[in-house]
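Note sheet for the following structure.
The values are calculated or read from the model by the stated rules, or taken from the named source; none is laboratory data. Only a predicted model underlies this, so the values are computations on that prediction, with no experimental measurement involved. Cβ atoms come from the backbone with ideal geometry, glycine included; neighbour counts cover every protein chain shown. Only protein heavy atoms, including side chains, enter the accessible area calculation; ligands, DNA and RNA are left aside. Shrake-Rupley method; radii C 1.70, N 1.55, O 1.52, S 1.80 Å.
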Amino acid sequence: MSSFLTRRLIQSLILLWIVSMIGFALLHLTPGGPLSQFANTPGMSDEDLTRLAEQMGLNRPLPVQYLEWFGRLLTGDWGRSYRDQSPVLYVIGSRLGATLQLMITATLIAVIVGGFVGVVGAVRRYSFFDQFVTIGAMVALSIPTFWFGLVVIYVFSVKLGWLPPGNISPVGNESFIVFVHHLIGPSMVLGLVTTAIWSRFMRSSMLDVINQDYVRTARAKGLSERIVLVRHVLRNALLPMITIAGLEVPTLLSGALVTETVFTWPGMGRLFLDSIGYRDYPVVMGLLTFTAILVIIGNLLADILYVVADPRIRLQ
Amino acid sequence: MTPQPTTASADGPPLLEVRDLTVEFRGQTGKVAAVNGVSFDVRPGETLALVGESGSGKSVTSLAIMRLIQRAGGNRVGGSIRLRRRSGDTVDLLAVSEDEIREIRGTEIAMVFQEPMTSLNPVHTIGAQVAEGIVFHRRVSRKAALAEAVELLDLVGIPEPQRRIRNFPHQLSGGMRQRAMIAVALACKPNLLIADEPTTALDVTIQAQILELLQGLQRQTGMSIVFITHNLGVVAEVADRVLVMYAGRIVEEAGVVPLFGRPLMPYTQGLLRSVPRLDMMSGAHEELEAIPGNVPDPTAMPAGCAFHPRCAHFRPSLCDTAVPGLEPADPEHSVRCARWRDVAAGVPA
Ligand SMILES: Nc1ncnc2c1ncn2[C@@H]1O[C@H](COP(=O)(O)OP(=O)(O)OP(=O)(O)O)[C@@H](O)[C@H]1O
Ligand code: SF4
Ligand SMILES: [Mg+2]
C-alpha cells in the first residue's frame with residue numbers, strides 16, 4: 001500500500017512542479033512580462049521601468065528568478081491583482097467557497113442521481129427505464145452547458161418563477177434556505193454533465209460486477225437480492241467510480257466557468273473570466289496554478305480513497 | 001484405481017429427483033440445449049459422481065439445481081427438480097417462489113463452484129463471507145456467526161482460523177481459497193452439497209486432501225454429495241454411483257463397481273481407457289488412449305447418438321437416425337447406446 005501511495009505522491013509533486021514551471025513561463029510570456037502592470041501607468045518612463053526591473057530582480061538569470069518565484073509561491077505570496085492591488089491568494093480565497101459549494105452540490109447530485117440511474121439501469125438492463133435514461137444521458141452530454149443554463153433560467157426563473165435567476169443571495173437576506181434556493185439552479189446546470197457521465201460509468205461498472213463468479217456465490221448462499229446487490233455488486237462496482245470521481249474535477253472546474261457566468265455566481269470561474277477581461281494576469285495565472293493544484297489534489301484524494309476501499313491494494 | 005463404494009444407503013426415498021431437466025440458452029446462433037432431458041436421483045448420504053468431458057453440461061445441470069441459471073434473455077429451464085425438504089415436504093425447485101428457493105439455497109443445498117480464484121468476493125474478509133449466510137438464515141449475531149466461521153475454517157483444515165477470518169481472499173493460496181469456499185458452502189449445514197470440480201485447479205496433494213476432507217465431512221454429517229469431475233481416478237475414490245454425461249445427456253448410469261468393472265457405453269469405455277492406471281506405470285506398455293475426435297459443437301449436434309462421429313462401434317442407419325433411449329442393462333445400470341448388447345458381449349467394433 002505505502003509503495004503505491006508513495007509513488008502517487010511523488011507523481012503528484014512532479015506534476016505540481018511542472019505546473020509551477022508552466023505558470024512561471026506564462027508569467028514571463030505575457031505581453032510586457034511581470035512589468036506590464038506598471039507599463040501603462042501614466043508618467044512612467046523607460047528609465048523608470050528599467051530601474052523597476054532592476055529593483056524586482058528581473059535582469060537576473062531566469063533559473064534564479066524561478067527559484068525565488070517558486071519560493072514565494074510556497075510561502076503564499078502569489079503576487080497582487082492589477083485591479084485593486086489585493087494579494088492574489090486572497091482574491092482567489094474569497095471566491096473559492098462559492099465555487100466549492102457549487103462543485104460539491106453538483107457532485108452530490110451526480111453521485112446520487114447518476115448513481116441511482118446507473119444502478120437501476122444495470123439491474124433492469126434493456127428495460128424501458130434503461131433505454132430512456134441511456135438516451136437522456138446522451139442528450140445531456142451533447143447539450144452545451146451555457147445553453148442549458150439559459151434554458152433553466154428562462155423556464156424556472158422567468159416563466160415559472162420558482163428559482164432566483166442567479167447570484168448567491170440577495171443583499172440583506174442570507175438565511176440558509178435562501179442560499180440553498182439560489183444553489184439549486186446552478187448546481188443542476190453544473191451537475192448535468194457529471195450526472196450523465198456518472199450514470200453511464202456506474203451502469204457499466206455494475207454490469208461488469210453483476211456477472212462475476214462471487215456474485216453467483218452470494219446468490220448461492222440464499223441471500224436476499226437486496227443484500228446481493230448492495231453488499232456484493234455495488235460495493236465492488238463503486239471501486240472504479242472513485243477514480244472516475246477524481247477525474248471529474250477538471251470537468252467540474254471548466255463547467256463552473258460557464259455556470260458561474262450564466263448565473264452570476266461569485267466564484268472562481270467568473271473571477272477567471274473577469275480577470276481575463278481586465279488583463280489581470282497575476283490573478284489569471286494564480287487561478288490556473290490554483291486549479292491545477294485542485295485537480296492534482298482531487299486525483300490524489302481519489303487514489304487514497306481507492307487504497308482504503310480496496311483491500312487488494314491496501315494489503316499488498 | 002480400485003473402486004470402493006462407501007456408505008451407499010440405497011433404501012428410503014431419494015433426496016433429490018431430477019426429471020427431464022432441459023436447459024436451453026439463446027445465443028446469437030439460435031437456441032442451444034446445454035442439458036437435454038436429464039433425469040437422475042440423489043439418495044440420502046450418497047456420493048453421486050457426474051463425469052464427462054468439458055462442455056457436456058455438468059455445471060449447467062448443477063446450476064439448474066441451485067436455480068442459478070439466468071432465465072432472462074430467452075434462456076429456458078424445463079422439467080422438474082424435486083427436493084425432499086427437511087420439513088418432509090417435497091417441492092419442485094423450478095416452481096417454488098423466490099423466497100422459498102432463497103431459504104433452500106445455502107441451508108439445504110449448497111454448492112462449491114468450479115473457480116476457486118474468482119468465487120470469493122475480493123473486498124470482504126473470509127470470515128465475513130463464511131458468516132454472512134449464517135447471519136442471514138439463522139438470524140444470529142455477527143459475533144456468534146464469526147465464531148462459527150472460525151470453527152468451520154478449522155473443520156476444513158485451514159490453519160490459524162482465528163487469524164484467517166480477518167484475511168481477504170487474495171491473501172490465501174488457491175487450495176486455501178477452495179477450502180474457504182467449502183466452508184462457505186457448509187456454513188448452514190446443507191444436506192446436499194454440489195461440488196463442481198472442487199479440485200481441478202489444485203495440485204495433486206491438495207486435491208487428495210480436499211477429497212479426504214469432503215469424505216470425512218460426509219461421514220460426520222450424512223449429507224449427500226454430487227461430485228462433478230472429469231477425473232475418473234477421483235470418481236473411483238469417492239463415488240457410490242456415477243452418471244456419465246455426453247453432449248447434454250446422460251449416457252450411462254451405474255454403481256461405481258459395475259461402471260468400472262463392466263462399462264457398457266463406448267464413450268465410458270473410452271473415458272476409462274484414457275485414465276492413467278497404476279499397473280501401467282509399473283512398466284506395462286499399454287498406451288493411454290484419448291478418445292478420438294472432439295466434443296460436438298452444441299449448435300450442430302450430430303443426428304441420432306451424439307457420440308457416433310467418434311464411436312468405433314458406430315453402425316450407419318442404426319446409430320445416426322434416432323437418439324437411443326436410456327435402457328436398463330441391470331436394475332442399477334442404465335446405458336444409452338443402440339448397440340450396448342453387442343458392446344457388452346464383446347462383439348468387435
Ligand atoms: N450462460 C450460458 N450461455 C450460453 N451457453 C452456455 C452458458 N453456460 C454454459 N453454456 C454452454 O453449455 C454447455 C455446457 O456447459 P457446462 O459448463 O455445463 O459444461 P461442463 O460439463 O461443466 O464443462 P467443464 O468440464 O468444462 O466445466 C457448453 O457448451 C457451454 O458453452
Ligand atoms: S449408439 Fe452407436 S454410435 Fe452411439 S455409442 Fe452406441 S454404438 Fe456408438
Ligand atoms: Mg463445468
Number of Lys pairs (Cα under 29 Å; 8 or more positions apart or on different chains) in the protein assembly as shown = 6
note = accessible surface per residue for segment A:131-259, probe 1.4 Å, DNA/RNA/ligands not counted, whole Å² -> 47
message = Just to be sure I follow: if Rg is taken over the C-alpha atoms of the protein assembly as shown and Rh is the Kirkwood radius over the same atoms, what is Rg/Rh?
response = 1.16
key: 222 nm mean residue ellipticity, helices alone, for chain B (DSSP H n ≥ 4; -39,500 (n - 2.57); rounded to 500)   = -8500 deg cm²/dmol
message = At a threshold of 8 angstrom on Cα-Cα distance, excluding pairs fewer than six apart, so keeping six or more, what relative contact order does chain A reach in percent?
response = 27
task = Compute the FRET efficiency between A:W162 and A:I104 as 1/(1 + (r/R0)^6), taking r as their Cβ-Cβ distance and R0 = 30 Å, and round to the nearest 0.05.
result = 0.85
note = Kirkwood Rh for segment A:187-265 from C-alpha pairs, in Å, is 14.4
Of B:Q129, B:Q220, B:Q269, the one that fluctuates the most in a GNM where chain B has Cα springs shorter than 10 Å = B:Q220
request  = Name the residues whose placed amide hydrogens come within less than 5 Å of the amide hydrogen of B:R85, ignoring near sequence neighbours (fewer than 5 apart) on the same chain.
outcome  = B:T90, B:V91
task = Name the helices (complete DSSP H segments) of chain B with a Cα length along the long axis of 15 Å or more and a Kyte-Doolittle mean of at least -0.5, or state none.
result = B:126-138, B:142-155, B:174-186, B:204-221
remark   = What helix-only [θ] at 222 nm does chain A give? Using -39500 (n - 2.57) per DSSP H run of at least 4, over all residues, to the nearest 500, the answer is -23500 deg cm²/dmol
ask   = Rounded to the nearest 0.05, what FRET efficiency is calculated for A:V64 and A:I297 with R0 set to 30 Å and r the Cβ-Cβ distance?
value = 0.55
remark   = With B:I225 itself left out, Lys, Arg at +1 and Asp, Glu at -1 over residues whose Cβ is under 15 Å from its Cβ give -3
query = Put +1 on the Cβ of each Lys and Arg and -1 on the Cβ of each Asp and Glu in chain A; which of A:V19, A:M241, A:L5 then has its Cα farthest toward the positive end of the dipole?
reply = A:M241
query = Taking segment A:100-140, which chymotrypsin sites (Phe, Trp or Tyr not before Pro) meet the DSSP loop condition and have no more than 16 other C-beta atoms within 10 Å?
reply = A:Y126
note = The value for chain B (convex hull of the alpha-carbon atoms, volume per residue, Å³) is 148
query = Can you work out the base-10 log of I(q)/I(0) for segment A:86-191 at q = 0.11, 0.21 1/Å, using the Debye formula on its C-alpha atoms alone?
reply = -0.47, -1.17
task = Run through the DSSP bridge list for the protein assembly as shown and note the antiparallel percent, rounded to the nearest 5.
result = 65
task = Set the Förster radius R0 to 25 Å, insert the Cβ-Cβ distance between B:R138 and B:T200 as r into 1/(1 + (r/R0)^6), and round the FRET efficiency to 0.05.
result = 0.20
request  = Compute the signed sum of charges (Lys and Arg +1, Asp and Glu -1) over the other residues within less than 14 Å, Cβ to Cβ, of B:G255.
outcome  = -4
ask   = Quick one: Cα centre-to-centre distance for segment A:103-149 and segment B:133-192, in angstrom?
value = 40
key: Local electrostatic count at B:P169 - Lys and Arg +1, Asp and Glu -1, tallied over other residues with Cβ under 13 Å   = +2
remark   = Of the candidates B:H137, B:P159, B:T47, the farthest towards the positive dipole end of chain B (Lys/Arg Cβ +1, Asp/Glu Cβ -1, centred on the Cα centre) is B:H137
message = Contact order normalised by length for chain B, with contacts defined as Cα pairs under 8 Å and 6 or more residues apart; what percent is it?
response = 21
inquiry  = With Kirkwood's inverse mean 1/r over C-alpha pairs for Rh, give me the Rg to Rh ratio of segment B:151-261, two decimals please.
reply    = 1.00
task = Any chance you could get the radius of gyration and Dmax over the Cα atoms of chain A, in Å?
result = 24.1, 86
ask   = Once whole DSSP H runs in chain A are found, which of them have Cα atoms spread over 30 Å or more along the helix axis and a mean Kyte-Doolittle score of at least 0.0?
value = A:2-29, A:88-109, A:176-210, A:235-262, A:281-309
remark   = About its Cα centre, the protein assembly as shown carries a charge dipole, from +1 on Lys and Arg Cβ atoms and -1 on Asp and Glu Cβ atoms, whose size in debye to the nearest 20 is 920
